[in-house]
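Trainee: Starting off with a structure, shown below.
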Amino acid sequence: MPRYRDFTDSTGPQVVLPRLPIRLVLIIIGILAVLMLIFTSFYTVNPEEVGVVVRFGKYCATTNPGLHFKLPFGVDKVSFVPVQRQEKQEFGFRTQKGDVLSKYTDYHQEPELLRESLMVTGDLNAAMVEWIVQYRIKDPRQYLFSVLNPVETLRAASESAMREAVGDHTVDEVLTVGRTEISNLAERNLQRIIDEYKMGVEVERVVLQDVNPPDPVKASFNGVNQAQQERERTINEAWAQYNQVVPRAKGEAQQVLSEAQGYAIKRVNEAKGEAVRFSEVFNQYLKAPEVTRERMYLETMGEVFPKLGQKFIMDETGQGVLPLMDLNNLPAAASTVKGGAK
C-alpha cells in the first residue's frame, strides 16, 4: 500500500500527497548520475579544431580531432580552438551578408566605425582606411592563456600596427601607390606585436580594402588630385615631345659631324696623295728636267684644251691668213683634206 503524507492547513482543506518509495528515488538518482557520467566523460573534436583540456583551471592537454575521454562532472573542461580555419577581422566596415551581392556597413551607417577607420598620415593629413586582417591560430595554448581576451587584443594590436604604418607614409602614398607597401608594413608590425604578447596567432595577410579622404574635405581633395593628374599629363606630354625632338636633333647633329669628319679625312688623304704625287713628279723632274717639263706641259694642255671653245691657231710672224684647221670638227676636216688630196 502506498504511503501518504498528510498536510493540515488550519485555514483550508486537508492536502494529502503520495509518498514515493526510497528505493525508487535512489534508482532515479542513480540513472541520472550514470547519464551525467556518460555525457560529461566524452567529447568530440571536429576535424578543423583541437581540444584544449583544462583540469581544475590548469592546462592539461591538447587533443586532436576525434572522440576523447575526460574526467566527468566538470573536473575537466574542454575549449575547442579552430586551428585549421582562417579567421578574419574587419576594420572600418562590417560584412552583413557575404554572397554574390555582398552587403556592407561602414561609418556612414554606424558612426562608431569612424573611430576605427579615421587615421592621420605622415604629412598630417586625415584618411579613412578600411582593412582586413586574415590570421590562423597556430598555438591553442598560448591563444587561450597568454592574454585575457585574444579577439579584442588582436583587434587592438591590428589598429596599432595599421596606424603606425599609415603614419609613416604621406596621404598620396596611402591613397595611391603605397597601398601594397603599407599592407606589408602593417602585417610585419602586427606579427611583431603578436609575438611579443605570445598570443599564438600567425598573420597570413593584411589587405587594404578602401582608402578615402574624410567626407568634409573629399571635394577639395579630388580637386587637388585632378590638378596633380593634369600636371602629370602635361609633364608626360612634354617628355614625349622631348623624346621625339631631341633624339632626332642629336641624330642630325651626329650625321653632320660624321659627314664633316669624313670630309676632313677625305681632304687630308687627298692632300697627302697630292703631296706624294708632287714628290714623285719632282723626283722625276730632277732626273730629266726637259722631258718632265714637256710631259707636264702636254698633260696640262690635254686637260685645258678640250674645255676651250673655238680655237684659231695663227703664226705670230705671218702677215696673211693661214688655212684654217677646224679643231672642233677634226673628222670633217680630215675627210675634206683627204678628198682634196684625191
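Trainee: Please go through the range 46-63 and pick out each residue that is closer than 29 Å to residue 158 by Cβ and not in a loop (DSSP other than H, G, I, E, B).
Mentor: Once the filter is applied, which keeps residues that are closer than 29 Å to residue 158 by Cβ and not in a loop (DSSP other than H, G, I, E, B), the range 46-63 yields 50, 51, 52, 54, 59, 62.
Trainee: Another question about this same structure. So, of the residues in the range 64-110 that are of a type in the set (Asp, Glu) and in a strand (DSSP E or B), which turns out to be surrounded by the most Cβ atoms within 10 Å (Cβ to Cβ)?
Mentor: Selected residue: 76.
Trainee: Right, something else. Suppose the filter is modelled with pLDDT of 95 or more and out of contact with any Phe, Trp or Tyr (no Cβ under 7 Å at 6 or more places or on another chain); does residue 190 pass it?
Mentor: yes
Trainee: Here's another thing I want to ask about it. Considering only the range 26-42, I want to know if a residue exists there that is over 30 Å from residue 210 (Cβ atoms), assigned to a strand (DSSP E or B), at pLDDT below 90 and not assigned by TED's automatic domain parsing to the domain that holds residue 206.
Mentor: The answer is yes, given that some residue of the range 26-42 is over 30 Å from residue 210 (Cβ atoms), assigned to a strand (DSSP E or B), at pLDDT below 90 and not assigned by TED's automatic domain parsing to the domain that holds residue 206.
Trainee: Still on this structure, I have one more. From 5, 19, 23, which residue is modelled with pLDDT under 80 and in contact with a Phe, Trp or Tyr (Cβ under 7 Å, 6 or more places away or on another chain)?
Mentor: 19
Trainee: Being in contact (Cβ under 8 Å) with a residue 40 or more places away in the chain, of a type in the set (A, V, I, L, M) and surrounded by 14 or more Cβ atoms within 10 Å (Cβ to Cβ) narrows it down to one of 114, 118, so name that one.
Mentor: Every option except 118 fails the conditions.
Residue by residue, here is whether (1) touching a residue at least 12 places away in the same chain (Cβ under 8 Å); (2) over 30 Å from residue 176 (Cβ atoms); (3) part of a helix (DSSP H, G or I); (4) basic (Lys, Arg) holds:
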| site | (1), (2), (3), (4) |
| --- | --- |
| 224 | no, no, yes, no |
| 231 | no, no, yes, yes |
| 234 | no, no, yes, no |
| 237 | no, no, yes, no |
| 242 | no, no, yes, no |
| 257 | no, yes, yes, no |
| 261 | no, yes, yes, no |
| 265 | no, yes, yes, no |
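Trainee: Can you find, within the range 121-140, the residue that is surrounded by the fewest Cβ atoms within 10 Å (Cβ to Cβ) among those that are in contact with a helix residue (DSSP H, G or I) (Cβ under 7 Å, 6 or more places away or on another chain) and not in a strand (DSSP E or B)?
Mentor: So the residue we want is 123.
Trainee: Still on this structure: Assuming residue 96 fulfils every condition listed in (1) at pLDDT 80 or above; (2) farther than 30 Å from residue 156 by Cα; (3) not aromatic (Phe, Trp, Tyr) apart from one, which condition is it?
Mentor: Every listed condition holds for residue 96 apart from (2).
Trainee: Okay, moving on. If I ask for residues that are in contact with an Asp or Glu (Cβ under 8 Å, 6 or more places away or on another chain) and of a type outside the set (S, T, N, Q), which ones from the range 134-160 would you list?
Mentor: 135, 136, 137, 138, 159
Trainee: Of the residues that sit in the range 141-184 and are over 18 Å from the mean Cα position of the chain (by Cα) and polar (S, T, N, Q), which one is surrounded by the fewest Cβ atoms within 10 Å (Cβ to Cβ)?
Mentor: Residue satisfying both the conditions and the ranking: 149.
The values are calculated or read from the model by the stated rules, or taken from the named source; none is laboratory data. Quick caveat: nothing in here was measured; it's all calculated off a predicted structure. No Cβ is skipped: glycine too gets one built from the backbone with ideal geometry, and neighbour counts run over all protein chains shown.
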